[in-house]
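Written out below as structure tokens is the structure these notes cover.
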Amino acid sequence: MPAILSPIVISLLFLLMLRSQLKTRLLSARLFVLPMLLLGGALAASSGAEAGEGEGILLLLEALMGIGIGLLQGHLSLIFQEGSVWVIRGSVAGAAVWLFSIPLRLGIELGAASAFGIPMELSHELPFVPYLLGIGGIFLGRALLVALRYPRQMAHQSI
């Protein structure tokens with residue numbers, strides 16, 4: 001890929017993710033489907049791969065950091081009634097949390113791997129696995145907090 005295309009692709013991906021973060025969606029138990037697919041996909045993809053204990057701990061840390069970020073995003077999400085249905089929409093503050101979490105999560109994972117000499121074999125072999133764990137954790141954390149704060153609204157919506 002030519003060097004000029006890389007910033008363009010990154011910018012387009014950023015805009016798509018930002019749009020997705022701010023989109024209004026039906027508040028229902030479906031909020032749990034995507035995180036389960038992402039986390040399940042990461043586990044299925046990595047099931048036959050070799051990973052050391054240290055790398056496994058860092059991957060678990062990636063998922064847990066994602067859940068923490070998702071809990072914060074769930075707190076910052078806007079939940080309101082639109083007509084007769086309850087909806088959820090992310091906020092600009094929640095999108096900012098997501099954006100600033102990217103270098104933080106990456107820095108912690110790579111910094112710990114470097115500092116403790118942990119070989120990242122699975123992450124090099126299957127580089128999408130840490131991404132799926134982090135994003136799946138974020139979506140799961142957000143869904144958990146929203147379900148805890150608005151259980152009645154989620155239960156009454158059709159899936």
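The values are calculated or read from the model by the stated rules, or taken from the named source; none is laboratory data. It should be emphasised that the depicted structure is a prediction, and the values quoted were computed from it without experimental measurement. Here the Cβ is made from the backbone with ideal geometry for all residues, glycine too, and neighbour counts use every protein chain on show. Remember, those area values only see protein heavy atoms, side chains included, never the ligands or the DNA or RNA. Shrake-Rupley method; radii C 1.70, N 1.55, O 1.52, S 1.80 Å.
Note on the range 54-85: residues that are in contact with a strand residue (DSSP E or B) (Cβ under 8 Å, 6 or more places away or on another chain), open to solvent by 70 Å² or more (accessible area, probe 1.4 Å) and aliphatic (A, V, I, L, M) amount to 1. Each residue in the range 107-117 was checked for being assigned to a helix (DSSP H, G or I) and either among the hydroxyl-bearing types (Ser, Thr, Tyr) or open to solvent by 30 Å² or more (accessible area, probe 1.4 Å) (or both), and 6 of them qualify. Applying the criterion of being farther than 17 Å from Leu132 by Cβ and modelled with pLDDT under 85 to the residues of the range 17-47, the residue that is most open to solvent (accessible area, probe 1.4 Å) is Arg19.
For every residue, the table says whether it meets (1) part of a loop (DSSP other than H, G, I, E, B); (2) modelled with pLDDT under 85.
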{"site": "Arg105", "(1), (2)": "no, no"}
{"site": "Pro119", "(1), (2)": "yes, yes"}
{"site": "His124", "(1), (2)": "no, yes"}
{"site": "Ile135", "(1), (2)": "no, no"}
{"site": "Leu140", "(1), (2)": "no, no"}
{"site": "Ala143", "(1), (2)": "no, no"}
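Scan the range 86-106 for residues that are buried (at least 17 other Cβ atoms within 10 Å of the Cβ), of a type outside the set (Val, Ile, Thr) and under 19 Å from Leu26 (Cα atoms) and the total you get is 4. Within the range 29-67, work out how many residues are touching a Ser or Thr at 6+ places or on another chain (Cβ under 7 Å) and either closer than 30 Å to Glu82 by Cβ or not charged (D, E, K, R) (or both). So the count comes out to 0. Just one of (1) of a type in the set (Asp, Glu); (2) at pLDDT below 85; (3) assigned to a helix (DSSP H, G or I) fails for Glu50. It is (3).
For the range 118-159, name all the residues that are without any contact (Cβ under 8 Å) to a residue 12 or more places away in the chain and either among the hydroxyl-bearing types (Ser, Thr, Tyr) or more than 28 Å from Val87 (Cβ to Cβ) (or both). His124, Pro127, Tyr131 - these are the residues of the range 118-159 that are without any contact (Cβ under 8 Å) to a residue 12 or more places away in the chain and either among the hydroxyl-bearing types (Ser, Thr, Tyr) or more than 28 Å from Val87 (Cβ to Cβ) (or both).
Hey, any hits in the range 40-55 for a residue that's without any contact (Cβ under 8 Å) to a residue 40 or more places away in the chain and among the charged types (D, E, K, R)? Yes: the range 40-55 contains one or more residues that are without any contact (Cβ under 8 Å) to a residue 40 or more places away in the chain and among the charged types (D, E, K, R).
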